[in-house]
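One structure is given here, and the rest of the page talks about it.
The values are calculated or read from the model by the stated rules, or taken from the named source; none is laboratory data. Computed from a predicted structure; not experimentally measured. Cβ atoms come from the backbone with ideal geometry, glycine included; neighbour counts cover every protein chain shown. Remember, those area values only see protein heavy atoms, side chains included, never the ligands or the DNA or RNA. Shrake-Rupley method; radii C 1.70, N 1.55, O 1.52, S 1.80 Å.
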Amino acid sequence: MPHATPRKSLRRTNADLHGSAPDKSEIALIIVDVINDLDFPEAKQLARFIPALADSIARLKRRAKAAGVPVIYVNDNFGRWRSDFRALIEHCRKGKSRSLIEKLYPEQDDYFVLKPKHSGFFSSTLETLLRYLRVRRLIITGIAGNFCVLFTANDAYMRDYELSIPSDCVISNTAKENKEALQLMKRYLKADTRHSQRISFEKRERLR
């Protein structure tokens, strides 16, 4: 029977996903489904909230990057199974969401994860990436609060991540639905839902 390789050895030789995940941070900023063509029936309802959302997330992203916090775009593939992330961006830039894409255009050092369903964790590489980055706390933003943000936050909570979901960085089809989703995440997922300006990027003492 072949001799098993010790776990410690594997972690040492494969500590950064072969160099493709060089950052180490206990905090990560997650941006959900903002690379979006807005080509669905409810898009008209969302449209009125998008300018303020884009501005809020852009400001939060600038603060995160200044603090050395990695930014991860977690995005639906919108059924475009043969596209990569950049092709998806170019597809969305041609439609109704051009201004949204331009304000939140991914930078070269940002990470991205494509997902096939609502949760960013379902059948994706997100959990693997977060583990290698050594993340303990997630700041989740994006579209929509009562669907993909909620499902992603729920799966993160089940994996023992600490959650911040700033109320001005999440939108849903209606203000009422968004408020209800935020209340649910605050109550049941222990999420900090304060305004993004109150988000702190300070590192915390690790529990022993």
Here is a list: THR174, THR193. Which entry is at pLDDT 95 or above, of a type in the set (Val, Ile, Thr) and open to solvent by less than 70 Å² (accessible area, probe 1.4 Å)? THR193
Take the stretch 96-144 and flag every residue that is among the β-branched types (Val, Ile, Thr) and in a loop (DSSP other than H, G, I, E, B). THR125, VAL135
Give me the pairs, please: first residue somewhere in the stretch 127-147 and touching a residue at least 60 places away in the same chain (Cβ under 8 Å) and surrounded by fewer than 18 Cβ atoms within 10 Å (Cβ to Cβ), second residue anywhere and assigned to a strand (DSSP E or B) and of a type in the set (Asp, Glu), beta-carbon distance under 7 Å, and either six or more positions apart or on two chains. ARG136/GLU162
Going residue by residue through the stretch 70-80, is there one that turns out to be farther than 21 Å from SER25 by Cβ, hydroxyl-bearing (Ser, Thr, Tyr) and free of Cβ contacts under 8 Å to residues at least 60 places away in the same chain? no
Give the residue that is modelled with the lowest pLDDT, with candidates limited to residues of the stretch 100-116 that are open to solvent by 20 Å² or more (accessible area, probe 1.4 Å) and within 19 Å of ALA43 (Cβ to Cβ). GLU102
Of the conditions (1) closer than 21 Å to TYR73 by Cβ; (2) touching a Phe, Trp or Tyr at 6+ places or on another chain (Cβ under 6 Å), TYR157 satisfies every one except a single condition; which number is it? (2)
Only one residue in SER123, SER167 is under 16 Å from the mean Cα position of the chain (by Cα) and closer than 24 Å to LEU88 by Cα, so which one is that? SER123
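Anything in the stretch 156-171 that is open to solvent by less than 40 Å² (accessible area, probe 1.4 Å) and in a helix (DSSP H, G or I)? List them, or say none. Talk me through it step by step, then tell me what you get.
So in the stretch 156-171, the residues open to solvent by less than 40 Å² (accessible area, probe 1.4 Å) come out as 156, 161, 163-166, 168-171.
Selection gives ALA156, ASP168, CYS169.
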For residues that are among the aromatic types (Phe, Trp, Tyr) and at pLDDT 90 or above, scanning just the stretch 49-92, find the one that is nearest to GLN197 (Cα to Cα). PHE49
